[in-house]
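Peer 1: Mind looking over this structure? Questions follow.
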Amino acid sequence: MRDENGYRVMDTEWHRITCFNGLGKTVAEHCEKGMKVLVHGRIHYTKWIDSMGNDRYGCEIIAEKVDFLSRPKSAEN
């Protein structure tokens, strides 16, 4: 996708990532907002009924491995 000046525009996509056990602890201790990470895992879909009786759907990535691709912003200065 390009803007009115012809420059490429990149949209941010947000994904729910779930980490279990030791991986969750490592990510909680070392990952900060703004860091780039590479997540290896599997997609998990869920379905539930909300309080109004509507079917709701969700999607999350169950992380099996997380690679830190950048340092925290505070460490880069």
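Peer 1: What value, in deg cm²/dmol to 500, does the helix sum -39500 (n - 2.57) over DSSP H runs of n ≥ 4 give at 222 nm once divided by the residues of the chain?
Peer 2: The helix-only estimate for the chain comes to -4500 deg cm²/dmol at 222 nm.
Peer 1: Quote the relative contact order of the chain in percent (integer), defining contacts as alpha-carbon pairs under 8 Å separated by 6+ residues.
Peer 2: 34
Peer 1: Follow-up. Note down the nm distance, to one decimal, between modelled labels 7 Å out along Cα→Cβ at Tyr7 and at Val39.
Peer 2: Calculated label separation equals 2.9 nm.
Peer 1: Set the Förster distance to 25 Å, then compute FRET efficiency between Trp48 and Asn21 from the Cβ-Cβ distance, nearest 0.05.
Peer 2: That pair, Trp48 with Asn21, gives E of 0.55.
Peer 1: Can you check what the net charge comes to around Arg56, using other residues whose Cβ is under 12 Å from the Cβ of Arg56 (Lys, Arg +1; Asp, Glu -1)?
Peer 2: -1
Peer 1: Starting from the 7 Å offset along Cα-to-Cβ, what nm value, one decimal, do you get for the label separation of Cys31 and Lys65?
Peer 2: So the two model labels end up 1.6 nm from each other.
Peer 1: For the chain, how big is Rg over Rh, using alpha carbon atoms and the Kirkwood form of Rh?
Peer 2: Values: Rg = 17.1 Å, Rh = 15.4 Å.
Here Rg/Rh amounts to 1.11.
Coordinate-derived values only; no laboratory data. This one's a predicted model, so the numbers in the text were calculated from it and none came from an experiment. Virtual Cβ from ideal backbone geometry, glycine too; neighbours counted across all protein chains shown.
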